[in-house]
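In what follows, a structure is listed as structure tokens, so that the remarks can point back to it.
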Amino acid sequence: MRMNPTFIVMMKCSEEAGVQNPVFQRLYICLGALKKGWKEGCRRILGLDGCFIKGFHTGQLLTAIGVDPNNQMYLVAYALVESECKDTWC
């Protein structure tokens, strides 16, 4: 955080009474350099997409993708959530 103060990470774990270890719920990551690069050098188009994660650990991977001057995809931010619902947007 000292080297990149614009780096954003938000993580939420459930803390249930009587449970010793918290359970992971969701994670959001936005690298400051990627956000700055998108604002300064990419087109003002932001695409949102998601895919399901299957297996022992389930959930969804959500991404925010921009378009750079060479018409290539440019990752801006991503999140790992338990499901795409109203609670995960808070």
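Worth a mention:
- Test result for Q60, at pLDDT below 90 and part of a strand (DSSP E or B): no
- Within segment 63-84, restricting attention to residues that are crowded, with 18+ Cβ neighbours inside 10 Å and of a type in the set (G, A, S), the residue that is nearest to L48 (Cα to Cα) is A64.
- Flag: F52 matches the condition of being of a type in the set (F, W, Y), on the phi < 0 side of the Ramachandran plot, part of a strand (DSSP E or B) and loosely packed, with under 12 Cβ neighbours inside 10 Å.
- Taking each residue of segment 59-72 that is over 12 Å from G41 (Cα atoms) and looking for partners that are assigned to a loop (DSSP other than H, G, I, E, B) with beta-carbon atoms closer than 8 Å, six or more apart or interchain, yields G59/E82; G59/S83; Q60/E82; Q60/S83; Q60/E84; L62/E84.
- Residue in segment 16-33 that is surrounded by 10 or more Cβ atoms within 10 Å (Cβ to Cβ), at pLDDT 85 or above and farther than 26 Å from C85 by Cβ present: yes
- Restricting the first member to segment 19-30 and to residues that are outside any loop (DSSP other than H, G, I, E, B), and the second to residues that are of a type in the set (S, T, N, Q), the beta-carbon pairs closer than 8 Å and six or more apart or on different chains are V23/S14; Q25/S14; R26/T88.
The values are calculated or read from the model by the stated rules, or taken from the named source; none is laboratory data. What you see is a predicted model, and the numbers here were worked out from it, not measured in a lab. So basically every Cβ, Gly included, is an ideal-geometry build from the backbone, and we count neighbours across all protein chains shown.
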